[in-house]
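What follows is a short report on a single structure.
The values are calculated or read from the model by the stated rules, or taken from the named source; none is laboratory data. Keep in mind it's a predicted model, so treat the numbers as computed, not measured. Positions of Cβ are generated from backbone atoms using ideal geometry, with glycine treated the same way; all protein chains shown enter the neighbour counts.
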Amino acid sequence: MQAYVLVQTDTQRRPVAELLRTLPGVVYAEDVTGPYDALALARSGPDGVGFDGVLDEIRALPGVIHALAAPLSRPVELTEPAEPAMLATSDAA
């Protein structure tokens, strides 16, 4: 299972994407502007086991007040270009 996780923090904290990137299961994270403060791409094992644990770890980070998971209908693969990471969808599901 893969999901984008939208993260809200209290306004007194530093950007959270750096912390998100240290968590097992988080394969991409960036700080964003708007109603959410960060966006992460999180991944569990092929059978979906472990995703709740990833979400629990995100919610336990200092300053995180809300994390909303949006499961993906198609897998996303990261590519590795020289400049910012790009996401590519895959139809091999």
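Structure above, values below:
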| quantity | calculated |
| --- | --- |
| In segment 11-21, the residues that are within 13 Å of A60 (Cα to Cα) and part of a loop (DSSP other than H, G, I, E, B) | V16 |
| Residue that is modelled with the lowest pLDDT [pool: residues in segment 36-64 that are out of contact with any strand residue (DSSP E or B) (no Cβ under 6 Å at 6 or more places or on another chain) and farther than 24 Å from P75 by Cα] | P62 |
| Hits in segment 21-35 (condition: at pLDDT 95 or above and either surrounded by 18 or more Cβ atoms within 10 Å (Cβ to Cβ) or of a type in the set (F, W, Y) (or both)) | A29 |
